[in-house]
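K.L.:
Below are the structure tokens for one structure; questions will follow.
The values are calculated or read from the model by the stated rules, or taken from the named source; none is laboratory data. Computed from a prediction, not measured in an experiment: that's the story for all the values here. Quick reminder, even Gly has a Cβ in these numbers, built from the backbone with ideal geometry, and neighbours come from all protein chains shown.
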Amino acid sequence: MRRASARRQVAWAVAAAVVVAVGLSGSAGAASGPVASAAPKACRRDPSACVRVGIGQPIYIGTLLDRTQLNGRDSSTAIDLAVDYLDGQFNGVDGTLLGHRVVLLDQEDGCSAATTRVSQQQLLSEPGLVAVIGTTCSSAALGVADAAFSEKHIPLVSPANTAPGLTDPAKHQSYYFRTSWNDKIQAAVDANFAASRKWSQLTVVSNPDDSYSSQLGQAFVDAARRNQGRGTVVDGPKGADPQAVAAAVAATDPEMIYLTILPPLCIDVARVLRSDPATANVPMLVSEGCADENFLQKLGPLSDGVYASGPDFSFYGENDFYRTAFLDAYRRRAGNDPPTAFHAQAFDAAQLVFDAIRRASSGKPGGELYIERRKLRTALLRTTNYPGLSGLLTCTEDGDCAQDVRIAIYEAPGWPTASQASPDKVFSQSLSLAQLRAAD
Amino acid sequence: MTFLTGLPVVWLLAFTLAFVVLGSAGMVVALSRASKEGRDNAGATAAAYMTALGSLFAILTGFLINTEYSTLRHANEVVGQEAAAISQLGYASAGLPPPDAVLIQQRLATYADALATVEWSALADNRSESSPAFAGLAGLQAQVVRLGSEEYPPPDAVASMRDALQDLTQTRRERIAIASQGLPAALFALSVIAGLALIANAIVVAMRAGHRYAYVAIGIIVLVALDLAAILAISAPFRGPFQASTAPLAGVAQELRDSAYLPWVRK
């Protein structure tokens, strides 16, 4: 009996020793790589849910812009400045983010879905890609970049997309955000401007194939209808004959013409309309996509009196940081004044991304970092009343960060272009998305 | 002395007990060689001095404990003030443009972390300038000075940051001064001598009274050892067993990491 008991004790001791040995070997395996032991739980469970930035490695941020356009170049310069200012100085030397260099992977959106698809593949081939700032054109984002990056849980923060569809809850992709305004606001202000001048027969020329143009045009017609106006849409697809488009516009007997199409068609259509005696004196408004230096140069005196809508630049001048530090740095880097409004939105987009990375990462500055992709989105969503260059930013679930925007109407030649010292503002209004939702 | 005050509490107790017990054993051996008559006479005399020696030891050690405890409490207050200054700098920086506010707060978090984790050991080694906190404070100073030279930061925010930074620098200097202060060696030596004299006296009295009264002497031996250990333990606020708490600094570092001072981050 005693012997049996002793044997049982020996058996238990051997079993316990085996269990302890297996446990020790298991724990040694788990801890063999410093990556495994230091990583947050979510990263160990699913390595694709995080970006690991090793010691001395950079943080990769993509940019997906159309640098052939002024607003794309404007955004690109501002993003470069944001990286420069990571050390708290605009000195031409890039700062670091959490002790790591920031490497911008620059790609072109070409303002088209086809170019964007190629570029986004290039960006997605970098496994360490943390976030992307872009796109310039709404058509490059809607159903293209917004879907591709959201699928990979990579935030896409646009400084220039304004098409309402991008943040429509029915279409919104969860990792898509924008610091630019929603064109629902621009359309409502433009319609209010028309109503203030008692113009009720309003004709919009928009490109049905371009989400920016068509959605701004439709939002304007909807807003005009709320103001008891009558809106008519004339199609102006890419490559259309400007004469034919102008003829179709003239046939609607408009009291005001609103061009939401992009260059070069908008410039050509405007020239034809301003040259035709039937429409030469009809007030004309162009959206910010067309309102640049090129338009004024190419139309010459014909552009006089043409209205342009876009963000109210006077607000930027009220920001001391923008006026006394940012603008000088911009001029030093680009060699000219900002040609469009989008530099402010782009600087803000970059800052929001940097801020979110700081809050979504774990690890010591300069050491090994883990950036959780879901936390990055959550960090962006926790942004409330961020005092950016472009205004207060509050990022919501539908992706809009600019909740309250001041839109102004300028009269040529006093548009807010790089060469214009004092823009000639004829109307300005601040509206919020909440106000528009309430009005709907 | 520096070595002693840096020992963990168990080792410190063991050391003082061993020292006192060995000393007592030596006294017992020496006294046991005396004649019975001599021991009786010595016992009668020693009994008369017990109160005086006990009072002397109590006053000396009481004074030392009070002084060293006050220093420890002051060190804790200074650390609390340092955490408050970090917090004030965090709040003041919230009035800056976001890229600057984030930068200041990130540097503050690194500074607070360095204070909470490595600063004490640097102070213990008398190498405060080798601590990462030293470079961290220099970086913060440079950043605040640079901001002060710019046109755009709100003057109130810059003034408040300067005040907070001044407080930070001042509390740091005060902390370093406290760390450089040692236990007053002469006073401690006097306490040790008084303690040993008290023990010797107690042993003489106990030997006269008989072995049954040895526990009185043993009690005094243990009490003297504990008293001396207590003095040594509390006399080094940045390296001994009873250190100034880093909890306020760790707390403010955590707040900074959680973006508690960034007004645009929804809590």
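K.L.:
List pairs: first residue in region B:124-150 and within 11 Å of another protein chain (Cβ to nearest Cβ), second residue polar (S, T, N, Q) and surrounded by fewer than 18 Cβ atoms within 10 Å (Cβ to Cβ) anywhere in the structure, Cβ distance under 8 angstrom, at least six positions apart or on different chains.
P.N.:
Between residues of region B:124-150 that are within 11 Å of another protein chain (Cβ to nearest Cβ) and residues that are polar (S, T, N, Q) and surrounded by fewer than 18 Cβ atoms within 10 Å (Cβ to Cβ), the close pairs are B:Arg146/A:Gln89; B:Glu150/A:Thr324.
K.L.:
Any residue at all in region A:337-359 that's at pLDDT below 95, within 20 Å of B:Ala260 (Cβ to Cβ) and more than 10 Å from every other protein chain (Cβ to nearest Cβ)?
P.N.:
No, region A:337-359 contains no residue that is at pLDDT below 95, within 20 Å of B:Ala260 (Cβ to Cβ) and more than 10 Å from every other protein chain (Cβ to nearest Cβ).
K.L.:
Let me ask you something else. Quick check on my filter: what residues within region B:53-67 are surrounded by fewer than 16 Cβ atoms within 10 Å (Cβ to Cβ) and either within 16 Å of B:Ile220 (Cα to Cα) or in contact with a helix residue (DSSP H, G or I) (Cβ under 7 Å, 6 or more places away or on another chain) (or both)?
P.N.:
B:Ser55, B:Ala58, B:Ile59, B:Gly62
K.L.:
Next question. Of the conditions (1) farther than 18 Å from B:Arg239 by Cα; (2) within 14 Å of chain A (Cβ to nearest Cβ), B:Ala114 fails just one. Which one is it?
P.N.:
Failing condition for B:Ala114: (1).
K.L.:
Just one of A:Ala270, A:Ala223, A:Ala247, A:Ala219 is assigned to a helix (DSSP H, G or I), free of Cβ contacts under 8 Å to residues at least 12 places away in the same chain, small (Gly, Ala, Ser) and not assigned by TED's automatic domain parsing to the domain that holds A:Ala160; which is it?
P.N.:
So the residue among A:Ala270, A:Ala223, A:Ala247, A:Ala219 that is assigned to a helix (DSSP H, G or I), free of Cβ contacts under 8 Å to residues at least 12 places away in the same chain, small (Gly, Ala, Ser) and not assigned by TED's automatic domain parsing to the domain that holds A:Ala160 is A:Ala247.
K.L.:
Which ones in region B:197-215 are hydrophobic (A, V, I, L, M, F, W, C) and crowded, with 20+ Cβ neighbours inside 10 Å?
P.N.:
B:Leu198, B:Ile199, B:Ala200, B:Ala202, B:Ile203, B:Val204, B:Val205, B:Ala206, B:Met207
K.L.:
State all residues of region A:388-417 that are among the charged types (D, E, K, R), surrounded by fewer than 22 Cβ atoms within 10 Å (Cβ to Cβ) and under 21 Å from A:Ile133 (Cβ atoms); if no residue qualifies, say none.
P.N.:
Hits for region A:388-417 are A:Glu397, A:Asp398.
K.L.:
Oh, and also: Yes or no: region B:85-97 includes at least one residue that is surrounded by fewer than 22 Cβ atoms within 10 Å (Cβ to Cβ), in contact with a Leu (Cβ under 9 Å, 6 or more places away or on another chain), under 19 Å from A:Gly88 (Cα atoms) and within 14 Å of chain A (Cβ to nearest Cβ).
P.N.:
So far as region B:85-97 goes, yes, one or more of its residues are surrounded by fewer than 22 Cβ atoms within 10 Å (Cβ to Cβ), in contact with a Leu (Cβ under 9 Å, 6 or more places away or on another chain), under 19 Å from A:Gly88 (Cα atoms) and within 14 Å of chain A (Cβ to nearest Cβ).
K.L.:
Give the residues of region B:216-258 that are in contact (Cβ under 8 Å) with a residue 12 or more places away in the chain, within 14 Å of chain A (Cβ to nearest Cβ) and surrounded by fewer than 21 Cβ atoms within 10 Å (Cβ to Cβ), sorted by residue number.
P.N.:
B:Glu255, B:Arg257 - these are the residues of region B:216-258 that are in contact (Cβ under 8 Å) with a residue 12 or more places away in the chain, within 14 Å of chain A (Cβ to nearest Cβ) and surrounded by fewer than 21 Cβ atoms within 10 Å (Cβ to Cβ).
K.L.:
In addition: Could you tell me whether region A:394-402 includes any residue that is closer than 30 Å to A:Ala42 by Cα, in a strand (DSSP E or B) and within 10 Å of chain B (Cβ to nearest Cβ)?
P.N.:
no
K.L.:
Same structure again: Is there a residue being assigned by TED's automatic domain parsing to the domain that holds A:Pro264 and surrounded by fewer than 22 Cβ atoms within 10 Å (Cβ to Cβ) anywhere in region A:185-195?
P.N.:
Yes, some residue in region A:185-195 is assigned by TED's automatic domain parsing to the domain that holds A:Pro264 and surrounded by fewer than 22 Cβ atoms within 10 Å (Cβ to Cβ).
K.L.:
Wholly within region A:47-141, which strands (runs of 3 or more DSSP E) include no fewer than the required count, namely at least 2 residues that are more than 14 Å from chain B (Cβ to nearest Cβ) and buried (at least 24 other Cβ atoms within 10 Å of the Cβ)?
P.N.:
Qualifying strands (runs of 3 or more DSSP E): A:50-53, A:59-65, A:129-134.
K.L.:
Answer yes or no: is there a residue in region A:204-220 that is among the acidic types (Asp, Glu) and under 22 Å from A:Ser112 (Cβ atoms).
P.N.:
Yes - at least one qualifying residue is present in region A:204-220.
K.L.:
Out of (1) surrounded by 17 or more Cβ atoms within 10 Å (Cβ to Cβ); (2) within 14 Å of chain B (Cβ to nearest Cβ), what's the single condition that is false for A:Asn385?
P.N.:
All conditions pass for A:Asn385, except number (1).
K.L.:
Name every residue in region A:216-234 that is acidic (Asp, Glu) and touching a strand residue (DSSP E or B) at 6+ places or on another chain (Cβ under 7 Å), in order of residue number.
P.N.:
The answer is none; no residue qualifies.
K.L.:
Regarding region A:306-326, can at least one residue be identified that is aromatic (Phe, Trp, Tyr) and in contact with a Pro (Cβ under 6 Å, 6 or more places away or on another chain)?
P.N.:
Yes, that holds for at least one residue.
K.L.:
Scan (1) in the same structural domain as A:Ala191 (by TED's automatic domain parsing); (2) modelled with pLDDT of 95 or more for the single condition A:Tyr330 breaks and write down its number.
P.N.:
The one condition A:Tyr330 does not meet is (1).
K.L.:
Same structure, new question: So B:Ala260 fits all but one of (1) in contact with a Gly (Cβ under 9 Å, 6 or more places away or on another chain); (2) closer than 20 Å to B:Ser24 by Cα; what number is the exception?
P.N.:
If we test B:Ala260 against (1) in contact with a Gly (Cβ under 9 Å, 6 or more places away or on another chain); (2) closer than 20 Å to B:Ser24 by Cα, just (2) comes out false.
K.L.:
Confirm whether A:Thr179 is touching a residue at least 60 places away in the same chain (Cβ under 8 Å), within 14 Å of another protein chain (Cβ to nearest Cβ) and crowded, with 24+ Cβ neighbours inside 10 Å.
P.N.:
Against the criterion (touching a residue at least 60 places away in the same chain (Cβ under 8 Å), within 14 Å of another protein chain (Cβ to nearest Cβ) and crowded, with 24+ Cβ neighbours inside 10 Å), A:Thr179 qualifies.
K.L.:
Let me ask something additional. Condition test on A:Val157, is it outside the structural domain of A:Ile261 (by TED's automatic domain parsing), closer than 21 Å to A:Cys401 by Cα and either within 13 Å of the chain's Cα centre (by Cα) or not acidic (Asp, Glu) (or both)?
P.N.:
The answer is yes for A:Val157.
K.L.:
For region A:156-197, enumerate the residues that are of a type in the set (A, V, I, L, M, F, W, C), more than 14 Å from A:Cys395 (Cβ to Cβ) and in a helix (DSSP H, G or I).
P.N.:
Once the filter is applied, which keeps residues that are of a type in the set (A, V, I, L, M, F, W, C), more than 14 Å from A:Cys395 (Cβ to Cβ) and in a helix (DSSP H, G or I), region A:156-197 yields A:Ile185, A:Ala187, A:Ala188, A:Val189, A:Ala191, A:Phe193, A:Ala194, A:Ala195.
K.L.:
Moving to a separate point now. Return the total of residues in region B:151-173 being more than 14 Å from chain A (Cβ to nearest Cβ), surrounded by 17 or more Cβ atoms within 10 Å (Cβ to Cβ) and either in contact (Cβ under 8 Å) with a residue 60 or more places away in the chain or not charged (D, E, K, R) (or both).
P.N.:
Total meeting the criteria: 7.
K.L.:
Being within 11 Å of another protein chain (Cβ to nearest Cβ), touching a residue at least 60 places away in the same chain (Cβ under 8 Å) and crowded, with 22+ Cβ neighbours inside 10 Å is the filter here; which residues of region A:361-379 pass it?
P.N.:
Once the filter is applied, which keeps residues that are within 11 Å of another protein chain (Cβ to nearest Cβ), touching a residue at least 60 places away in the same chain (Cβ under 8 Å) and crowded, with 22+ Cβ neighbours inside 10 Å, region A:361-379 yields only A:Ser361.
K.L.:
For residues that are within 14 Å of chain B (Cβ to nearest Cβ) and in a loop (DSSP other than H, G, I, E, B), scanning just region A:283-326, find the one that is surrounded by the most Cβ atoms within 10 Å (Cβ to Cβ).
P.N.:
The qualifying residue surrounded by the most Cβ atoms within 10 Å (Cβ to Cβ) is A:Asn319.
K.L.:
Has region A:333-353 got at least one residue that is touching a Gly at 6+ places or on another chain (Cβ under 6 Å), assigned by TED's automatic domain parsing to the domain that holds A:Asn161, part of a helix (DSSP H, G or I) and touching a residue at least 40 places away in the same chain (Cβ under 8 Å)?
P.N.:
yes
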